[in-house]
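The structure appears right after this line, and notes come after that.
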Amino acid sequence: MTANEPIGYDELDAAAARLQLAEDASGLHGSLCGFLAGGGRVGRQSLVAVLHLDAEAATPSPGDQALLERLVKQTESELADPELGFEPLLPADDRPVTERADALVDWCRGFLGGFGLGGAETHGKLSDEAQEILKDLGTIAASSFEFGEEAEDEDSLIEVHEFVRMGAMLLFAECSNRHDSSNDTVH
(Lines give C-alpha, C1' and ligand atoms only; values in the text may rest on other atoms or scores of the structure.)
Protein backbone atom coordinates (compact mmCIF):
# COMPACT_ATOMS: atom_id res chain seq x y z
CA MET A 1 0.00 0.00 0.00
CA THR A 2 1.46 3.34 -0.99
CA ALA A 3 1.10 6.55 0.97
CA ASN A 4 -1.13 8.01 -1.77
CA GLU A 5 -3.68 5.18 -1.86
CA PRO A 6 -6.82 5.78 0.19
CA ILE A 7 -7.06 3.73 3.35
CA GLY A 8 -9.73 1.09 3.05
CA TYR A 9 -12.15 -0.26 5.64
CA ASP A 10 -10.45 -3.66 5.98
CA GLU A 11 -7.00 -2.10 6.34
CA LEU A 12 -8.18 0.24 9.09
CA ASP A 13 -10.21 -2.49 10.78
CA ALA A 14 -7.12 -4.72 10.96
CA ALA A 15 -5.11 -1.87 12.50
CA ALA A 16 -7.87 -1.17 15.05
CA ALA A 17 -7.82 -4.85 16.02
CA ARG A 18 -4.01 -4.90 16.33
CA LEU A 19 -4.18 -1.79 18.51
CA GLN A 20 -6.93 -3.37 20.65
CA LEU A 21 -9.12 -0.30 20.23
CA ALA A 22 -12.65 -0.36 21.59
CA GLU A 23 -13.76 0.79 18.11
CA ASP A 24 -13.74 -0.99 14.78
CA ALA A 25 -12.89 0.83 11.55
CA SER A 26 -16.34 2.45 11.24
CA GLY A 27 -16.41 3.71 14.82
CA LEU A 28 -12.82 4.95 14.59
CA HIS A 29 -13.42 6.77 11.32
CA GLY A 30 -16.69 8.19 12.65
CA SER A 31 -14.91 9.43 15.78
CA LEU A 32 -12.21 11.11 13.71
CA CYS A 33 -14.76 12.68 11.34
CA GLY A 34 -16.83 13.96 14.26
CA PHE A 35 -13.75 15.35 15.97
CA LEU A 36 -12.69 17.19 12.82
CA ALA A 37 -16.24 18.32 12.02
CA GLY A 38 -16.59 19.67 15.55
CA GLY A 39 -13.59 21.90 14.99
CA GLY A 40 -10.94 19.65 16.56
CA ARG A 41 -7.39 19.47 15.25
CA VAL A 42 -5.15 16.44 15.69
CA GLY A 43 -1.86 18.25 15.18
CA ARG A 44 1.17 16.28 16.34
CA GLN A 45 -0.71 14.28 18.96
CA SER A 46 -1.49 10.61 18.56
CA LEU A 47 -4.94 10.00 17.08
CA VAL A 48 -5.55 7.32 19.71
CA ALA A 49 -4.85 9.86 22.48
CA VAL A 50 -6.83 12.68 20.85
CA LEU A 51 -9.93 10.50 20.57
CA HIS A 52 -9.43 9.09 24.09
CA LEU A 53 -9.19 5.55 22.74
CA ASP A 54 -6.01 4.74 24.63
CA ALA A 55 -7.43 3.10 27.78
CA GLU A 56 -6.69 -0.43 26.59
CA ALA A 57 -4.96 0.31 23.32
CA ALA A 58 -1.59 -1.09 22.46
CA THR A 59 1.21 1.31 21.53
CA PRO A 60 1.02 1.71 17.75
CA SER A 61 3.81 0.17 15.74
CA PRO A 62 5.55 2.59 13.36
CA GLY A 63 3.46 1.13 10.53
CA ASP A 64 0.17 1.55 12.40
CA GLN A 65 1.17 5.05 13.51
CA ALA A 66 1.90 5.97 9.89
CA LEU A 67 -1.48 4.50 8.88
CA LEU A 68 -3.29 6.59 11.51
CA GLU A 69 -1.44 9.73 10.40
CA ARG A 70 -2.42 9.03 6.78
CA LEU A 71 -6.01 8.48 7.94
CA VAL A 72 -6.09 11.93 9.56
CA LYS A 73 -4.73 13.63 6.43
CA GLN A 74 -7.04 11.63 4.14
CA THR A 75 -10.10 12.42 6.27
CA GLU A 76 -9.30 16.14 6.57
CA SER A 77 -8.88 16.32 2.80
CA GLU A 78 -12.08 14.37 2.07
CA LEU A 79 -14.22 16.40 4.48
CA ALA A 80 -12.97 19.66 2.92
CA ASP A 81 -13.32 18.36 -0.66
CA PRO A 82 -15.20 21.01 -2.71
CA GLU A 83 -16.33 18.17 -5.01
CA LEU A 84 -18.15 16.56 -2.03
CA GLY A 85 -16.17 13.34 -2.38
CA PHE A 86 -16.27 12.46 1.32
CA GLU A 87 -17.50 8.97 2.22
CA PRO A 88 -17.91 7.40 5.67
CA LEU A 89 -15.52 4.45 5.91
CA LEU A 90 -17.81 1.42 5.91
CA PRO A 91 -17.69 -2.20 4.78
CA ALA A 92 -17.76 -2.72 1.00
CA ASP A 93 -21.08 -2.80 -0.84
CA ASP A 94 -20.71 -6.54 -1.44
CA ARG A 95 -20.94 -7.22 2.32
CA PRO A 96 -24.36 -8.11 3.78
CA VAL A 97 -26.73 -5.18 4.25
CA THR A 98 -27.04 -6.01 7.96
CA GLU A 99 -23.27 -5.67 8.45
CA ARG A 100 -23.19 -2.37 6.56
CA ALA A 101 -26.18 -1.00 8.49
CA ASP A 102 -24.59 -1.91 11.83
CA ALA A 103 -21.35 -0.27 10.70
CA LEU A 104 -23.25 2.92 9.78
CA VAL A 105 -24.80 2.99 13.26
CA ASP A 106 -21.30 2.53 14.78
CA TRP A 107 -19.97 5.30 12.52
CA CYS A 108 -22.70 7.68 13.74
CA ARG A 109 -22.01 6.80 17.39
CA GLY A 110 -18.34 7.48 16.83
CA PHE A 111 -19.11 10.71 15.00
CA LEU A 112 -21.20 12.05 17.88
CA GLY A 113 -18.52 11.17 20.44
CA GLY A 114 -15.80 12.75 18.33
CA PHE A 115 -17.92 15.82 17.67
CA GLY A 116 -18.30 16.30 21.41
CA LEU A 117 -14.52 16.14 21.82
CA GLY A 118 -13.88 18.44 18.88
CA GLY A 119 -14.80 21.75 20.40
CA ALA A 120 -17.82 21.97 22.65
CA GLU A 121 -17.57 25.78 22.84
CA THR A 122 -18.72 26.08 19.22
CA HIS A 123 -21.61 23.68 19.50
CA GLY A 124 -24.01 26.11 21.13
CA LYS A 125 -23.51 28.42 18.14
CA LEU A 126 -24.58 25.87 15.52
CA SER A 127 -27.25 26.78 13.01
CA ASP A 128 -30.68 25.24 13.37
CA GLU A 129 -29.94 23.00 10.39
CA ALA A 130 -26.70 21.76 11.98
CA GLN A 131 -28.44 21.11 15.29
CA GLU A 132 -31.13 19.13 13.45
CA ILE A 133 -28.46 17.06 11.69
CA LEU A 134 -26.82 16.26 15.03
CA LYS A 135 -30.20 15.25 16.45
CA ASP A 136 -30.86 13.00 13.43
CA LEU A 137 -27.38 11.45 13.70
CA GLY A 138 -28.22 10.71 17.34
CA THR A 139 -31.41 8.98 16.26
CA ILE A 140 -29.45 6.87 13.76
CA ALA A 141 -26.79 6.09 16.38
CA ALA A 142 -29.50 4.83 18.73
CA SER A 143 -31.21 2.78 16.03
CA SER A 144 -31.61 -0.90 15.67
CA PHE A 145 -32.58 -1.66 12.10
CA GLU A 146 -35.27 -4.14 11.20
CA PHE A 147 -34.72 -5.93 7.94
CA GLY A 148 -37.25 -7.21 5.46
CA GLU A 149 -37.12 -7.28 1.69
CA GLU A 150 -33.51 -6.99 0.56
CA ALA A 151 -33.99 -4.44 -2.25
CA GLU A 152 -35.97 -2.12 0.07
CA ASP A 153 -33.37 -2.54 2.81
CA GLU A 154 -30.62 -1.67 0.34
CA ASP A 155 -32.50 1.45 -0.83
CA SER A 156 -33.14 2.55 2.76
CA LEU A 157 -29.49 2.08 3.69
CA ILE A 158 -28.41 4.12 0.67
CA GLU A 159 -30.72 6.97 1.73
CA VAL A 160 -29.48 6.95 5.33
CA HIS A 161 -25.86 6.69 4.15
CA GLU A 162 -26.30 9.72 1.87
CA PHE A 163 -27.89 11.74 4.68
CA VAL A 164 -24.99 10.87 7.02
CA ARG A 165 -22.42 11.69 4.34
CA MET A 166 -23.91 15.09 3.55
CA GLY A 167 -24.61 15.87 7.20
CA ALA A 168 -20.99 15.23 8.18
CA MET A 169 -19.77 17.54 5.42
CA LEU A 170 -22.24 20.28 6.40
CA LEU A 171 -21.18 20.11 10.05
CA PHE A 172 -17.52 20.17 9.05
CA ALA A 173 -18.06 23.18 6.77
CA GLU A 174 -20.03 25.09 9.38
CA CYS A 175 -17.64 24.46 12.27
CA SER A 176 -14.44 24.85 10.24
CA ASN A 177 -15.70 28.13 8.77
CA ARG A 178 -16.46 29.38 12.27
CA HIS A 179 -13.08 28.08 13.49
CA ASP A 180 -11.23 29.69 10.56
CA SER A 181 -13.04 33.01 10.88
CA SER A 182 -12.32 33.18 14.61
CA ASN A 183 -8.61 32.81 13.85
CA ASP A 184 -8.75 35.79 11.48
CA THR A 185 -10.10 38.17 14.11
CA VAL A 186 -7.79 41.10 14.78
CA HIS A 187 -7.65 42.24 18.41
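Structure data summary
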quantity: Any hit, the range 92-101, residues being within 19 Å of ARG165 (Cβ to Cβ), basic (Lys, Arg) and touching a Pro at 6+ places or on another chain (Cβ under 7 Å); calculated: yes
quantity: Members of the range 100-121 found to be assigned to a helix (DSSP H, G or I), modelled with pLDDT under 90 and open to solvent by less than 20 Å² (accessible area, probe 1.4 Å), listed by number; calculated: GLY118
quantity: Residue list for the range 166-187, restricted to those being at pLDDT 90 or above and surrounded by fewer than 19 Cβ atoms within 10 Å (Cβ to Cβ); calculated: MET166, LEU170, ALA173
quantity: Residue match in the range 73-84 (condition: among the aliphatic types (A, V, I, L, M), touching a residue at least 12 places away in the same chain (Cβ under 8 Å) and outside any helix (DSSP H, G or I)); calculated: yes
quantity: Lone qualifier among SER31, SER46 - being among the polar types (S, T, N, Q), at negative phi, modelled with pLDDT of 85 or more and out of contact with any strand residue (DSSP E or B) (no Cβ under 9 Å at 6 or more places or on another chain); calculated: SER31
quantity: Verdict on GLU162 being in contact with a Leu (Cβ under 7 Å, 6 or more places away or on another chain) and at pLDDT 85 or above; calculated: no
quantity: Number of the condition not met by LYS125 [criteria: (1) touching a residue at least 12 places away in the same chain (Cβ under 8 Å); (2) open to solvent by less than 80 Å² (accessible area, probe 1.4 Å); (3) not hydroxyl-bearing (Ser, Thr, Tyr)]; calculated: (2)
quantity: Where GLU154 falls short, out of the listed (1) buried (at least 18 other Cβ atoms within 10 Å of the Cβ); (2) at pLDDT below 90; calculated: (1)
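The values are calculated or read from the model by the stated rules, or taken from the named source; none is laboratory data. Since this is a predicted model, take the numbers as computed values, not measurements. We place every Cβ from the backbone using ideal geometry, glycine too, and count neighbours over all the protein chains shown. Note: accessible area is taken over every heavy atom of the protein model, side chains too, but ligands, DNA and RNA are not part of it. Shrake-Rupley method; radii C 1.70, N 1.55, O 1.52, S 1.80 Å.
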